[in-house]
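Take a look at the structure set out below.
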Amino acid sequence: MFAPTDFFDLDGYAHQALFNNSRIEYAWDALKLLGDYLDQIIVPGIQGTVMDGAYLLGDPIYIGPGSVVEPGVVIKSPAYIGANTEVRQGAYLRGKVLVGDNCVVGHTTEVKNAIFLDGAHAAHFAYVADSILGNQVNLGAGVKLANLKLDRSNVKVKVKEQTYDTGLRKFGAILGDGVQIGCNAVLNPGTLLGPGCIVYGLASVRGYYPANTMIKLLSSLQLSKVDA
């Protein structure tokens, strides 16, 4: 349970070696190895377009063919951006970032210690830290993947009577392939969503949800008709 293949189709993914490492038992373990993996694979280079007014800080940084980095973007090393990906104006990628092909890192979106599999989109005002977005995941505007508990203790995942200590003090979310998150939703530390889950806007989510679960915010307010 919680193996990478429970969340992601890795066939054809350029970086499946990261997830196939013998040290990985649970999907979140890939975040522990991300920095070392990036140092091993990145050959610094710009094969895409970095527009005037964008800032690439430190080595190593790789920008793949067909990708565009717009003005106002700040990318700190180590960072790997795949092919045909958009990094839009004002995005802040602050280290240990692995972004796949055909992705979008959107306007004023902040990303750190995170993995985007192919086709993942965080297009508007998102916060993505210590998290993994599966293939074709989409985050609506203003989605926040919170990564730190208020008491600063290790993030734990509870499923029925079983508790998994992730060993991570900072851990946001694992979003399986095709997960869709509505605008201004907040995913609390240690949220795991199986493939195909849908989270409606404004929801506050925590814990584990199996594939194809639909999660809605239930309001306690009820409107009543008052006769004049």
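The values are calculated or read from the model by the stated rules, or taken from the named source; none is laboratory data. These figures come from a predicted structure and were not determined experimentally. Note: ideal-geometry Cβ built from the backbone for every residue, glycine included; neighbour counts use all protein chains shown. Areas reflect the complete protein model, heavy atoms only, side chains present, ligands, DNA and RNA absent. Shrake-Rupley method; radii C 1.70, N 1.55, O 1.52, S 1.80 Å.
In this label model, D59 and Q89 are separated by 3.2 nm, measuring between points 7 Å along each Cα→Cβ vector. The packing ranking of peptides 6-18, 133-145, highest mean first, is 133-145, 6-18, where packing means the average number of other beta carbon atoms within 10 angstrom of each residue.
For the chain, averaging the sequence separation of C-alpha pairs within contact (under 8 Å, six or more residues apart) and dividing by the residue count gives a relative contact order of 12 percent. Sequence neighbours fewer than 8 away in the same chain don't count; with that in mind, list the lysines whose C-alpha is under 22 Å from K112. Counting by Cα, and skipping residues close in sequence, K112 has these lysines nearby: K32, K76, K96, K144, K149, K156, K170. Residues considered: G35, G53, G190. Largest GNM mean-square fluctuation over the chain, using C-alpha springs under 10 Å, is found at G53.
For the chain, the share of accessible area belonging to carbon and sulfur comes to 49 percent (1.4 Å probe, ligands and nucleic acids excluded). Within the chain, the percentage of alpha carbon pairs spaced more than 29 angstrom apart rounds to 24%. In order along the stretch 112-127, phi translates into HN-Hα couplings of 8, 6, 9, 10, 10, 6, 4, x, 6, 10, 10, 7, 8, 6, 9, 10 Hz, rounded to whole numbers, per the Karplus curve 6.51 cos²θ - 1.76 cosθ + 1.60 with θ = phi - 60° and x for Gly and Pro.
Straightening the chain between I198 and K156 buys 12.9 nm, computed as 0.36 nm per residue apart minus the Cα-Cα spacing.
The angle separating the long axis of helix 29-41 from the principal Cα axis of greatest extent in the chain is about 20 degrees.
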